[in-house]
Amino acid sequence: MSNDEATRPGEEPAEVTSEATEATEAAAESSGTESEAAEAEAPSVDSLLAEVASLQDKVKAQQDSVLRAQAEMQNVRRRAERDVENAHKFALEKFSADLLPVIDSLERALDAADNLESEAVKGMRDGVELTLKMFVDTLGKHGVEQINPMGEPFNPEFHQAMTMVPNPEMEPNSVMDVMQKGYVLRGRLVRPAMVVVSKAAE
């Protein structure tokens with residue numbers, strides 16, 4: 001073996017050293033390229049903050065939408081409950097209005113009987129009066145109340161003025177006569193009282 005072919009102790013062949021150097025450089029170059037690519041792909045702080053702000057706006061919009069939907073559902077439920085309550089409360093409105101002419105007839109019968117003195121008429125009058133009282137009391141149990149505003153100030157919400165008459169003995173705009181009584185059902189007007197209203201003397 002010649003001196004040129006022999007490898008000295010502690011030394012590597014030239015070809016192996018060259019290949020190792022090239023592999024190291026390639027690895028370093030590859031590592032640098034990957035680092036640069038990672039840096040290029042990493043989002044900036046400003047873009048992250050903008051994205052967070054956008055997401056927060058979307059969350060707030062969704063929360064507002066949910067709150068509006070809940071409020072609308074509550075309103076619908078309240079309206080439904082109110083409608084059901086009114087349906088129960090005023091179920092007798094039409095029925096009671098249909099019964100009022102019967103009460104009017106009984107009251108007119110009593111007024112006519114006041115002008116008669118016979119015992120037969122007196123007995124009949126007592127019966128009519130008792131029937132009328134039972135009738136009015138029964139309606140009262142179901143929330144129907146009578147409006148008899150004699151001597152009270154005129155109230156256009158519950159009274160219907162048929163005429164105005166000068167009357168120096170009463171305050172102007174006072175009810176001086178009730179031609180037909182009115183009725184309300186649990187505070188709701190069923191029929192206004194027909195009245196004669198006083199006015200100042202001319």
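Got a number for residues in the range 114-168 being under 26 Å from PHE95 (Cβ atoms) and β-branched (Val, Ile, Thr)?
Number of matching residues: 6.
State yes or no: is ASP137 under 30 Å from VAL190 (Cα atoms) and exposed (fewer than 10 other Cβ atoms within 10 Å of the Cβ)? I'd like the intermediate steps shown before the answer.
Values: under 30 Å from VAL190 (Cα atoms): yes; exposed (fewer than 10 other Cβ atoms within 10 Å of the Cβ): yes.
In short, yes.
Kindly indicate which of GLU85, GLU119, GLU157 is among the acidic types (Asp, Glu), within 30 Å of the chain's Cα centre (by Cα) and more than 30 Å from SER198 (Cβ to Cβ).
Residue meeting the stated conditions: GLU85.
So which of VAL128, VAL136 is touching a strand residue (DSSP E or B) at 6+ places or on another chain (Cβ under 7 Å), modelled with pLDDT of 90 or more and assigned to a helix (DSSP H, G or I)? Step through it out loud before you land on a result.
Numbers: VAL128 fails: touching a strand residue (DSSP E or B) at 6+ places or on another chain (Cβ under 7 Å).
Checking each option against the conditions leaves just VAL136.
Among (1) part of a helix (DSSP H, G or I); (2) farther than 29 Å from MET162 by Cα, there is one condition PRO43 misses while meeting the rest; what is its number?
(1)
Of the conditions (1) in a helix (DSSP H, G or I); (2) touching a strand residue (DSSP E or B) at 6+ places or on another chain (Cβ under 6 Å), PRO149 clears all except one; give me its number.
(1)
Just for the range 152-175: of the residues that are assigned to a loop (DSSP other than H, G, I, E, B) and in contact with a Ser or Thr (Cβ under 8 Å, 6 or more places away or on another chain), which one is nearest to ALA201 (Cα to Cα)?
My answer is ASN167.
Filter the range 163-176 down to residues that are closer than 23 Å to ARG108 by Cβ and surrounded by 15 or more Cβ atoms within 10 Å (Cβ to Cβ), then give me how many there are.
Result for the range 163-176: 2.
Within the range 59-78, does at least one residue satisfy the condition of being under 30 Å from MET170 (Cα atoms), in a helix (DSSP H, G or I) and not β-branched (Val, Ile, Thr)?
Within the range 59-78, none of the residues are under 30 Å from MET170 (Cα atoms), in a helix (DSSP H, G or I) and not β-branched (Val, Ile, Thr).
State yes or no: is VAL84 assigned to a helix (DSSP H, G or I), of a type in the set (Val, Ile, Thr), outside the structural domain of VAL184 (by TED's automatic domain parsing) and under 23 Å from VAL184 (Cα atoms)?
Values: assigned to a helix (DSSP H, G or I): yes; of a type in the set (Val, Ile, Thr): yes; outside the structural domain of VAL184 (by TED's automatic domain parsing): yes; under 23 Å from VAL184 (Cα atoms): yes.
In short, yes.
Condition first: surrounded by 12 or more Cβ atoms within 10 Å (Cβ to Cβ) and assigned to a helix (DSSP H, G or I). Now tell me which residues in the range 87-96 satisfy that.
Those that are surrounded by 12 or more Cβ atoms within 10 Å (Cβ to Cβ) and assigned to a helix (DSSP H, G or I): LYS89, GLU93, PHE95, SER96.
List every residue pair whose Cβ atoms lie under 7 Å apart, where the two residues are 6 or more positions apart in sequence or sit on different chains, the first residue falls within the range 170-199 and is at pLDDT 95 or above, and the second residue, located anywhere, is surrounded by fewer than 15 Cβ atoms within 10 Å (Cβ to Cβ) and of a type in the set (Ser, Thr, Tyr).
Short answer, once both residue conditions are applied: VAL196/THR163.
If LEU99 meets every condition in (1) within 30 Å of GLN146 (Cα to Cα); (2) at pLDDT below 90; (3) part of a helix (DSSP H, G or I) apart from one, which number is that one?
Going through the list (1) within 30 Å of GLN146 (Cα to Cα); (2) at pLDDT below 90; (3) part of a helix (DSSP H, G or I), LEU99 breaks only (2).
Can you run down the residue pairs with Cβ atoms below 6 Å, 6 or more apart or on separate chains, where the first is in the range 104-132 and without any contact (Cβ under 8 Å) to a residue 12 or more places away in the chain and the partner is surrounded by 15 or more Cβ atoms within 10 Å (Cβ to Cβ) and in a helix (DSSP H, G or I)?
Hits for this filter: VAL121/ALA113.
Against the condition more than 26 Å from the chain's Cα centre (by Cα) and modelled with pLDDT under 90, how does ASP111 come out, does it pass?
yes
The values are calculated or read from the model by the stated rules, or taken from the named source; none is laboratory data. Computed from a predicted structure; not experimentally measured. Glycine also receives a Cβ, built like all others from the backbone with ideal geometry; neighbour counts cover every protein chain displayed.
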